[in-house]
1. Name the long-range amide H neighbours of Leu108: under 5 Å, sequence gap of 5 or more, or other chain; modelled H, no Pro or chain starts.
2. Using packing as a proxy for protection, rank 29-35, 91-97, 183-189 so that the peptide with the highest average count of other Cβ atoms within 10 Å comes first.
3. Considering only the other residues whose Cβ falls under 12 Å of the Cβ of Lys239, what net charge follows from Lys and Arg at +1 and Asp and Glu at -1?
4. Per residue and in cubic angstrom, what volume does the convex hull of the Cα atoms of the range 116-268 have?
5. Considering the dipole of the range 1-74 built from charges on the beta carbon (Lys and Arg +1, Asp and Glu -1) around the Cα centre, which of Leu3, Phe15, Ile60 is farthest to its positive end?
6. Which three numbers, in whole Å and largest first, are the semi-axes of the equivalent ellipsoid of the range 205-267 derived from its Cα gyration tensor as √(5λ)?
7. Roughly how many whole Å is it from the C-alpha centroid of the range 229-258 to that of the range 194-219?
8. In the structure displayed, which of Lys169/Lys198; Lys23/Lys202; Lys66/Lys152; Lys64/Lys125; Lys124/Lys224; Lys24/Lys246 lie more than 30 Å apart, Cα to Cα?
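Please treat every number below as a calculation from the coordinates, not as lab data. Because the structure is a prediction, the values reported are computed rather than measured. Heads up, the Cβs are rebuilt from the backbone with ideal geometry, glycines too, and the neighbour counts pull from every protein chain shown.
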Amino acid sequence: MELLGTSKKSLGQNFLIDKNIIKKIINIGNVNKNIIVMEIGVGYGNLIDEILTKNPKQIIGIEKDKKLSYFLKKKFSTNKNIKIINEDILNIVDDINLEKNIIVFGNLPYNISTKILTSLIMLKKWPPWYSALILMFQKEVADRIIAKTNTKEFGRLSILTNWRLESKKHFNITRNCFYPKPKVNSSLLSFTPKKVNKFNLKNPKNLELVTRILFSNRRKMINKSFKKLFKNRLHIAKKLNIDLTKRPGELSSETYYKIASEYERLFN
Ligand code: SAH
């Protein structure tokens with residue numbers, strides 16, 4: 001593959017070059033002429049080339065790299081339905097104001113993939129502007145996102161994700177499918193927003209806070225960190241039916257949502 005220059009490590013630039021894998025990814029989205037597609041991190045537009053075969057209503061590409069954006073604007077200049085935006089996705093994610101039916105694809109830069117996912121979960125407005133996310137992560141990160149209670153991968157990322165999204169793992173992608181070849185393999189996940197949420201929080205930051213404090217020591221009983229959240233910890237533990245001798249990885253996601261709700265009720 002001919003590159004414009006050396007690929008930027010700082011921007012997580014590993015381009016997907018395996019055509020069959022690209023096809024498999026795009027097929028998951030069931031893109032049709034009524035759908036708007038957004039791609040986070042467009043690179044040289046390899047995914048957009050394939051998305052175009054599905055004739056979506058519009059394609060919006062977000063690319064932080066100035067040089068690449070310029071290249072993409074030229075490459076797609078004859079297609080009115082493609083809009084390339086030279087921005088950092090993290091700066092605009094809360095301001096995106098589009099009609100519904102948007103499918104987001106992203107072969108995310110490794111170094112900020114969890115930050116991007118978290119920002120898509122923590123949106124102020126819910127249900128969000130997207131109807132599905134089809135995202136690629138480093139395999140080890142994907143395993144943490146979809147992990148269940150009582151596994152060593154279970155943690156903050158699993159809890160935050162499961163709060164607002166249904167997740168599904170599709171397949172792994174070996175590092176050989178990329179150029180330049182990264183050190184690690186990847187996995188493809190898809191997500192759909194949970195429309196109704198049993199544990200509605202006014203401020204999602206409370207869930208981030210509660211999980212951060214309770215997971216500050218994975219090996220220890222939650223008793224001590226629970227005290228940091230609630231002075232009156234025994235009363236709260238009883239009320240929420242929580243065993244303080246458990247380790248953080250042994251509580252269910254729902255228990256964390258209950259704790260965050262209670263924290264919010266008392267302190268916000
Ligand atoms: N989708 C392409 C490129 C993947 S590499 C492909 O599969 O071939 C990741 C891309 O994300 C790079 O083009 C990089 O410049 C871009 N990128 C990195 N950080 C970004 C950010 N914060 N916002 C938007 N794009 C970003």
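1. Excluding prolines and chain starts, which carry no amide H, the hits are Met136.
2. Values: 29-35: 14.3, 91-97: 12.6, 183-189: 18.3.
Highest-to-lowest ranking by the protection proxy: 183-189, 29-35, 91-97.
3. With Lys, Arg at +1 and Asp, Glu at -1, the net is +3.
4. Details: hull volume 18.1 nm³, N = 153.
Expressed per residue, the convex hull around the Cα atoms of the range 116-268 is 118 Å³.
5. Ile60
6. Values: eigenvalues 47, 34, 24 Å².
Taking √(5λ) for each eigenvalue gives 15, 13, 11 Å, largest first.
7. 12
8. Details: Lys169/Lys198 24 Å; Lys23/Lys202 40 Å; Lys66/Lys152 40 Å; Lys64/Lys125 24 Å; Lys124/Lys224 32 Å; Lys24/Lys246 42 Å.
From Lys169/Lys198; Lys23/Lys202; Lys66/Lys152; Lys64/Lys125; Lys124/Lys224; Lys24/Lys246, over 30 Å: Lys23/Lys202; Lys66/Lys152; Lys124/Lys224; Lys24/Lys246.
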